[in-house]
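Laboratory data are not the source of any read-out in this text; all were calculated from the coordinates shown. Note that the structure is predicted; figures quoted are calculated from it, not measured. So basically every Cβ, Gly included, is an ideal-geometry build from the backbone, and we count neighbours across all protein chains shown.
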């Protein structure tokens, strides 16, 4: 654990919490959404992927700046907002309801996403059993291991994703001149919702709020770590943007020209595995499925660890013990109780043969947190709660305001789709 600020040269060697947050936010379903965008519109929406990365940098930087400049967590900030009675206000009540419902749905989704590629690699394997085993392995990792081990495992899995996803983009040989044409913002007919999804969906979940907790776990405390945090954050989301661009390349080169359609959701990546096996051989398809698994499992363990910390902080505030580190840490009873909530009750949902309601519920719930995070960051970072020198400038306000508006539109889309 680092306890003193790094020199400018050493900052590059300390990158970690941002990579954890970014990798947790890039799930298998996000990769499918990017593939579908590439398969339908070629490179036309490349600019949207880059804008999405910039939006995520602004959100994560806001979380990090709040944490380092004030020495307080995101939940400290939410609990300081007005409008409520006792220890509950509108923000903490929203979080409490959201985190319980979302955790139940997400647990099943994450276990399924981790199981699908393994089931494809093991003929006759039962997706339900592999999903439950994935949940238990993830639980064991965050239950018994500390942050250091967790970060190393995440970095290793990101390395696997990098080799497979970026390697696949190189194998399909991108048309570089045509790729650069996608940098100019255009909206092909019928691309509106895909554009919004590409900007807002990749790399953005409730775990963005956990970034500050991972900074503290790393030992970065105080404004003197601001420069290190900003490098960490920008490099992490640059890697995320590279993943998105690579999958857009695959969609454009492998699927767009051939007119291949993918299934929606995580199963679309299994379709791509079959296309790869036909085009490049079973070895390439196998490596891709391993990368697919890494994307799913990073999201699983990132949520088990990061949202567990958020819930523990919530519980510490509700019980009047917010100042006690043992009550709000990774090994606290509340954090472990939430990890169990993510693991065992959702296993019942794995036995649904066609979990349409589960998929719809996850889409709606996932869209409802990011407007909350962006909006509360604008409030906190423009208020006297933040030291004057670290409050928002006009660029930060513009980016966070755009993020709040974007995610609100995405949430409206999901809710209208449900109705």
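Any chance you could run the full-extension gain for residue 382 through residue 405? It's 0.36 nm times the residue separation minus the Cα-Cα distance, nm to one decimal.
6.5 nm
Classify region 57-194 as rounded, prolate or oblate, taking a ≥ b ≥ c as the square roots of the eigenvalues of its Cα gyration tensor: rounded when a/c is under 1.5, otherwise prolate if a/b is larger than b/c and oblate if not.
It is oblate, given that a/c is not under 1.5 and a/b is not larger than b/c.
I'd like the FRET efficiency for residue 170 and residue 137, computed as 1/(1 + (r/R0)^6) with the beta carbon distance as r and R0 of 30 Å, rounded to 0.05.
Efficiency, from the Cβ-Cβ distance: 0.45.
Each label point is 7 Å from the Cα along the Cα-to-Cβ direction; what then is the distance between the points at residue 348 and residue 318, in nm?
1.9
Between helix 46-70 and the chain, what is the angle of the helix's C-alpha long axis to the longest principal axis, kept within 0 to 90° and rounded to the nearest 10?
Helix 46-70 sits roughly 20 degrees off the main axis of the chain.
Find the Rg to Rh ratio for the chain, where Rh is the Kirkwood radius over alpha-carbon pairs and Rg uses the same atoms.
0.95
Computed FRET efficiency, Cβ-Cβ of residue 412 and residue 280, R0 56 Å: what is it to the nearest 0.05?
Result of the calculation: an efficiency of 0.85.
Dimensions of region 19-88 along principal axes (Cα, Å, largest first)?
For region 19-88, the Cα extents along the three principal axes come out at 52, 26, 20 Å.
Taking the beta-carbon count within 10 Å as an exposure proxy, list 232, 278, 30, 175 from fewest neighbours to most.
Final ranking by Cβ density, sparse to dense: 278, 175, 30, 232.
Quick check: pseudo-label points 7 Å beyond the Cα along Cα→Cβ at residue 128 and residue 98, how many nm apart are they?
The answer from the label model is 3.3 nm.
Once both labels are modelled 7 Å past Cα along the beta-carbon direction, what's the residue 81-residue 326 spacing in nm?
With each label point 7 Å from Cα toward Cβ, the separation is 3.2 nm.
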